[in-house]
Amino acid sequence: MKTTGRRSLILYILGAAFLFGLGVFLYGFATQGGMWAVQPFNKYITTGVSSQGKVLDRNGTVLAESKNGKRVYSSDETTRRAMLHAVGDTTGYISTGVQYNYRAELSGYNGIMGLVTPNGKAGGDDITLTLDSSLCRLAKKELGSRNGAVAVYNYKTGEMLCMVSTPDFDPENVPSDINTNSKYKGAYLNKVMSAQYTPGSIFKVVTAAAAIENFSDIDSRTWDCSGSITVNGNKITDIKAYGRLHFKDALAKSSNVAFAEMAMELGTEKMTAEANAMGFNSSFSLDGINASKSVYNVAGAEKNELGWSGVGQYTDLASPYHMLVLMGAVANGGTPVMPYIIKNITTPYGTALKSGAAQAGSRLVKAETAERLQQYMRYNVTNAYGDGLFPGLKVCAKTGTAEVGGGKKPNCWMVGYSLNTDTPLAFAVVVEEQSYSIRSAGKVASSVMKAAAKIK
């Protein structure tokens, strides 16, 4: 009897395991069946693109489609290059492109018929993006031969309008030396989503938020900047001696000395808490496409290193996409409307399968802090950068010049947003190995924001 009981127990366990496994399989089939069908080892999908749907921009401009059994792209080379990292390439090396992440939809997969329609022929769905290809083309031209990233989105609706990364290549004429020529290093990388840059002085927005929340006398305080301070035998330097500075001028002139002293006074715990609250060390995504994390880690840092972290150096890293979301959060009173890139997905018969919509993210900034940051960032533009940089727009912004070492010139940033109710646009621009943020990232941001303000 004992033997029979043991055998019965084993059968029950095996039966339960079978049912559990079947449940896992069916759930995976229901939620991931399309992705299973279009895995790279499926030769039909990777080589047979004759049935894949179109990818279009917000105005209906075709960015990618299948013709005569071949995947083809825009007839304009600059457009092909500008949209490369958003659309993706034919081989799928650009993992953030919609052609890779939405390959099941483009191939027309459904859970009942698989990859064929009722008439026995395959037909992929069309994907319309929120991006404006003409705006992306302008961003590409403004970057020119320089490497970097440009992103713009409507912080009220969540629509991503521009996402450009360089270096790039022509997906219709892939260079034979793309894997060996140094000028194409990083060409498969969408730097808006996947890059982690030293932030430099744009991180002072985080230190400023921590100071606002912890120093009750923030507006009456002053900092004396003689050009440098020595901490633990190490110098923290500024471009020049700024003299006595009130808080708003310390931010507008971007004094390293003042913000290093703030960070050191705030200490590791408060600086870390503020950075974490504002999205550092957290994950963000764009319609299911994951972005790299921004990183703030001062565990074990010496006092001088903590000071440098407060001005965006030390080991700080920032994702352009995260900085874009953070600017949207400040503009929206602390809670961002999350960006999205898929405007809609439709079947070959015109049936809508998905439509993008505004969705609020988690709060990143306290409402009172966001209001104060907005005042200070607006002051940056009116008193340091000049309103002439953004004619017709009331822009709040912060520049950053990030030292990267290795004998290279610094990377230059500008992040910010427009206060105009009819043009609620946030932006993040980084241009690699430049000398002046205003002349590089600022000029790109100026041109792109002026054009973006005209988009309806």
Inspect all residues belonging to segment 265-272 and state whether any of them is polar (S, T, N, Q), under 30 Å from residue 156 (Cα atoms), surrounded by fewer than 24 Cβ atoms within 10 Å (Cβ to Cβ) and touching a residue at least 12 places away in the same chain (Cβ under 8 Å). yes
Scan segment 61-72 for residues that are assigned to a strand (DSSP E or B) and either under 14 Å from residue 131 (Cβ atoms) or in contact with a Phe, Trp or Tyr (Cβ under 9 Å, 6 or more places away or on another chain) (or both) and jot them down. 62, 63, 64, 65
Go through segment 314-338 and report how many residues are more than 17 Å from residue 365 (Cα to Cα) and assigned to a helix (DSSP H, G or I). 1
Of all residues in segment 434-456, count the ones that are assigned to a loop (DSSP other than H, G, I, E, B) and either crowded, with 17+ Cβ neighbours inside 10 Å or in contact (Cβ under 8 Å) with a residue 24 or more places away in the chain (or both). 6
Given the structure, is residue 369 modelled with pLDDT of 95 or more, among the hydroxyl-bearing types (Ser, Thr, Tyr) and not in a strand (DSSP E or B)? yes
Suppose the filter is buried (at least 24 other Cβ atoms within 10 Å of the Cβ) and over 17 Å from residue 365 (Cβ atoms); does residue 256 pass it? yes
Can you name every residue in segment 129-166 that is of a type in the set (Ser, Thr, Tyr) and either within 14 Å of residue 190 (Cβ to Cβ) or touching a residue at least 60 places away in the same chain (Cβ under 8 Å) (or both)? 130, 133, 134, 153, 155, 157, 165, 166
Among the residues of segment 373-411, count how many are among the charged types (D, E, K, R) and either within 20 Å of residue 218 (Cα to Cα) or part of a strand (DSSP E or B) (or both). 2
Failed condition for residue 395, given (1) within 25 Å of the chain's Cα centre (by Cα); (2) in contact (Cβ under 8 Å) with a residue 60 or more places away in the chain, with all others met? (2)
Does segment 313-343 hold any residues that are among the charged types (D, E, K, R) and buried (at least 24 other Cβ atoms within 10 Å of the Cβ), and which are they? 316
Has segment 216-225 got any residue that is assigned to a helix (DSSP H, G or I) and buried (at least 21 other Cβ atoms within 10 Å of the Cβ)? no
Scan segment 283-304 for residues that are closer than 16 Å to residue 270 by Cβ and either outside any loop (DSSP other than H, G, I, E, B) or in contact with a Lys or Arg (Cβ under 6 Å, 6 or more places away or on another chain) (or both) and jot them down. 303
Going by the conditions given, is residue 398 of a type in the set (Lys, Arg), farther than 18 Å from residue 208 by Cα, touching a Gly at 6+ places or on another chain (Cβ under 8 Å) and modelled with pLDDT of 95 or more? no
Qualifying residues in segment 80-108 (those that are among the aliphatic types (A, V, I, L, M) and part of a helix (DSSP H, G or I)) - the one farthest from residue 344 (Cα to Cα): 82
Run down 239, 229 and say which single residue is of a type outside the set (Asp, Glu), more than 30 Å from residue 96 (Cα to Cα) and modelled with pLDDT under 95. 239
Residues of segment 343-360 being outside any loop (DSSP other than H, G, I, E, B), hydrophobic (A, V, I, L, M, F, W, C) and modelled with pLDDT under 95, in sequence order, are 352, 353
Given the conditions (1) farther than 14 Å from residue 153 by Cβ; (2) out of contact with any Cys (no Cβ under 7 Å at 6 or more places or on another chain); (3) polar (S, T, N, Q), every one holds for residue 359 apart from (1)
Inspect all residues belonging to segment 297-312 and state whether any of them is within 30 Å of residue 425 (Cβ to Cβ) and either surrounded by fewer than 23 Cβ atoms within 10 Å (Cβ to Cβ) or of a type in the set (Lys, Arg) (or both). no
Counting only residues that are at positive phi, part of a helix (DSSP H, G or I) and more than 30 Å from the chain's Cα centre (by Cα), segment 234-282 contains a total of 0
Could you grab the pairs with beta carbons closer than 6 Å, sequence gap of 6+ or different chains, first residue in segment 344-359 and surrounded by 12 or more Cβ atoms within 10 Å (Cβ to Cβ), second one aromatic (Phe, Trp, Tyr) and not in a loop (DSSP other than H, G, I, E, B)? 356/340
How many of the residues making up segment 386-415 are more than 19 Å from residue 249 (Cα to Cα) and of a type in the set (S, T, N, Q)? 1
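The values are calculated or read from the model by the stated rules, or taken from the named source; none is laboratory data. Please read all numbers here as calculations on a predicted model, not as lab measurements. Note that we place each Cβ from the backbone using ideal geometry, even for glycine, and neighbour counts take in every protein chain shown.
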